[in-house]
Every structure is written in C-alpha cells, then in structure tokens.
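Visitor: One structure is given below, represented as structure tokens, and several questions about it will come after.
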C-alpha cells in the first residue's frame, strides 16, 4: 500500500511545535508488565449484532500511549480529538503499523488533518447523531486502511492552535458483516419503481434521459450494522451534481475484500466522527461494483456528508482506493460513470452539463451563502482545497462525464 503524503500549507516552524508521540504494541502481555494510563474505550455504545465490528479508542494522554497495551486487532485507524474538525489544521499526524501476520512494521504514513469530508454548518446540523446533540464538537483525521494489524505508532505535531484536547487513536475492526435477510443487491435495469416498458408503478413515465440503473450492492450486501446509524433519514433537494472522491485507502485489494473496507469506513464515520451514517452516498471498487452508501433509498436524494459546503442537492461517489499516482482501473471508472449517469438522470440533469450550487460552509472554497457553478460531475477538489480525488483520477473526469452523458442517451 502506498499513500502519497499531501503537502502541508502554512506550517509554522517546527521548533515552535510540540511533538506528541505514542507507540502501541498490541499482543497480550502480563498485566504486571503494563504501564498505567487510560484504558481503551469502545466507542460503539450498546453492542451491535454479531459481526458488526467495533471501534476502540486509545487516549494519547500527555502525548504518550503506554507501550504494551492490549487491544483487539484492527484494519483501519485514524486520530480523533475533542474540538472543531479543523483544530489540527496546519499540523501533521503520522502513523505506522505492524502487520498482524508477519510482525513487520510499515513506513510512516501522513494522515489528512483538514476535515475536508463532513456535514455542512456548525455542530454537524442534521447530520449529528442523537448522542451528539448538545455535545461539544469533535474532529478526526482521514482514516487509513492498514489491513490486519496488531501494532501502531502515532506522531502528532500540532498546528498553530496547539494540541486539541482528547487526542486519541481510533482502531477500527470492520467485523465479518451483519447477516440480513434483506436483498444483497438491486439488479441492473430500469429505475426503482419502474417496469421494463418504462411505465412507473404510479402511472407516470420515466424521464427522457434516465440512464439504466447499475447493479448496486445493498447495505445488507456489504454487511452494515444498522444499529449504529441514526434510524431516520434526511433528504435534500433534487440531486443536480455528483462529487467524485477517493477514499485514500489501499488500491491493492481483492474486490472480494471491498465490503470489509466499506464497513470500516462506515464504522469510522459513525463511531469516530459522530456522523449519522457513512458520509458517501455510493462507493465503487476497483472491479466497478457499486455499493450503496448512506441509507435512505438509492433512488432518493439522501443528504450526505461528503463534500464540506456542498452536501445539499448533490450526491457523493467514492472510488475505493488512493489515486494520487496509481491509475484508476478502467472498471472502476465505468462503475463511477454508471452510477453518476443514473443518479443525475433521475432529475433530468445532463451529466455533461453544469449547475449552480450554494455553499453551506465557510470551510469550503466558497464562503457560506455564495453561489458557485460546478460541472454536474465534479471532483471533491472543485469545492474544497484538497487533492481528492487524486491527481491520477481527477483528469479522468471529462471521460466520465462523456460516458455518463452517453448512458443518458444524450
């Protein structure tokens, strides 16, 4: 796995910053040999169904995590804190992990600290979980997929504001997935509620440029633990743009393992970030398989938490992988084009066209309340100062638009 560190902007001189370091080794050791300190805390609340996974939070108390602590193995991690999402802006967070099978340590990986994904507005608004209502805000780095790991080292260099309180490393076990009797996928074909002849169950007609619906792996299909998300749904206006992301996780994965990556991201977004559900509306793996993201209906305008400032009237589609230098596979591009064409076609939005959106956050490239023009298929970097969806994927967007428009019959 290769993660390309992002250049940091406006970093103050290193001599003015305190470095917080923590090293964690996870195999069990005798209790009398362990140092004191804060105990691991499971952030899941009430236990979920078997196979649902978990998140373990280990505090970086005093800048150091006692060595020799025991904890379960994990596949994804991030660093969280109490305070605003951008409390570590201008700082750095580096991690390295130990392979659970070989015991070999990786090199250092730098995590994104800017809080570029997330709900709009202060306090997360409608995206906050019920347990988060009235609670002080908290932030977290972008997550890092590590694969099966049993050790971690963390190095935090605070930004100009200093270290935020409650610094902790969050270790995610995606579990084996919750078994459900619900359908595991929706078959490719006409849009939900339509018959093959184009007539809708309510007697209406399909839109003129509604692309075929791709096969979509449902939340039951990837094993979502539905007990951890908010039970109700929040909707936005008609979807007029799709923002393309990459998940900044490994690109070298078997497609059969993609549901595990989706479950890990889901756990992190809900249990670590405090969001009501996974942030993305859809995810696409390297084989072109499309996964349902945020719950509420794939054909409905579910309000996501994917593009700070522009979650309203949009959908977020995340390519699973890191595409800074790694080229996105052709099948992945096809999958993104198919879901974008179908989703935009539901509201007659030309996938090759443009639309105007209004910013909902000063943290985006546009102050809150500012109207800005976007392509109907845009990249995350078009709305936020980020490298996402990566220098290798972003130039492919014109091809994606053209293919999506073709699928719409334009």
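Visitor: Can you name every residue in the range 330-367 that is surrounded by fewer than 18 Cβ atoms within 10 Å (Cβ to Cβ) and free of Cβ contacts under 8 Å to residues at least 60 places away in the same chain?
Guide: 330, 331, 353, 354, 356, 358, 362, 365, 367
Visitor: Can you pull out the residues in the range 164-191 that are out of contact with any helix residue (DSSP H, G or I) (no Cβ under 9 Å at 6 or more places or on another chain), assigned to a loop (DSSP other than H, G, I, E, B) and under 21 Å from residue 88 (Cα atoms)?
Guide: Hits for the range 164-191 are 164, 165, 166.
Visitor: I'm trying to understand the selection: among the residues of the range 366-386, which are over 25 Å from residue 404 (Cα atoms) and under 20 Å from the mean Cα position of the chain (by Cα)?
Guide: Passing the criteria: only 385.
Visitor: Please specify each residue of the range 263-275 satisfying the condition of being farther than 20 Å from residue 51 by Cβ and either free of Cβ contacts under 8 Å to residues at least 40 places away in the same chain or in contact with a strand residue (DSSP E or B) (Cβ under 7 Å, 6 or more places away or on another chain) (or both).
Guide: Looking only at the range 263-275, we keep the residues that are farther than 20 Å from residue 51 by Cβ, and these are 273-275.
If the condition is that a residue be farther than 20 Å from residue 51 by Cβ and either free of Cβ contacts under 8 Å to residues at least 40 places away in the same chain or in contact with a strand residue (DSSP E or B) (Cβ under 7 Å, 6 or more places away or on another chain) (or both), then 273, 274 are the ones that fit.
Visitor: Six or more apart or on different chains, Cβ under 6 Å: which pairs go from a residue in the range 299-314 that's without any contact (Cβ under 8 Å) to a residue 24 or more places away in the chain to one that's surrounded by fewer than 24 Cβ atoms within 10 Å (Cβ to Cβ) and in a loop (DSSP other than H, G, I, E, B)? Could you list them?
Guide: none
Visitor: A follow-up question, please. For residue 291, indicate whether it is in contact (Cβ under 8 Å) with a residue 40 or more places away in the chain and either surrounded by fewer than 24 Cβ atoms within 10 Å (Cβ to Cβ) or in contact with a strand residue (DSSP E or B) (Cβ under 7 Å, 6 or more places away or on another chain) (or both). Lay out the reasoning, then the answer.
Guide: Values: in contact (Cβ under 8 Å) with a residue 40 or more places away in the chain: yes; either surrounded by fewer than 24 Cβ atoms within 10 Å (Cβ to Cβ) or in contact with a strand residue (DSSP E or B) (Cβ under 7 Å, 6 or more places away or on another chain) (or both): yes.
Judged against the criteria, residue 291 is a match.
Visitor: Okay, next question. Scanning the range 248-261 for residues that are out of contact with any helix residue (DSSP H, G or I) (no Cβ under 6 Å at 6 or more places or on another chain) and assigned to a helix (DSSP H, G or I), which turns out surrounded by the most Cβ atoms within 10 Å (Cβ to Cβ)?
Guide: Checked the range 248-261; the qualifying residue surrounded by the most Cβ atoms within 10 Å (Cβ to Cβ) is 261.
Visitor: Ok, one more. If you check residue 168 against the conditions, is it under 23 Å from the mean Cα position of the chain (by Cα), on the phi < 0 side of the Ramachandran plot and not assigned by TED's automatic domain parsing to the domain that holds residue 112?
Guide: Answer is no for this residue.
Visitor: Pick from the range 75-91 the residues that are outside any loop (DSSP other than H, G, I, E, B) and buried (at least 21 other Cβ atoms within 10 Å of the Cβ): which of them is farthest from the chain's Cα centre (by Cα)?
Guide: Checking each candidate, the answer is 81.
Visitor: A follow-up question, please. Can residue 123 be described as under 30 Å from residue 226 (Cβ atoms), outside any loop (DSSP other than H, G, I, E, B) and either assigned by TED's automatic domain parsing to the domain that holds residue 268 or modelled with pLDDT under 50 (or both)?
Guide: Details: under 30 Å from residue 226 (Cβ atoms): yes; outside any loop (DSSP other than H, G, I, E, B): yes; either assigned by TED's automatic domain parsing to the domain that holds residue 268 or modelled with pLDDT under 50 (or both): yes.
Criteria met by residue 123.
The values are calculated or read from the model by the stated rules, or taken from the named source; none is laboratory data. Bear in mind the structure is a predicted one, so any value in this text is a computation, not a measurement. Don't worry about glycine lacking a Cβ; one is built from the backbone with ideal geometry, like all the others, and counts go over all protein chains shown.
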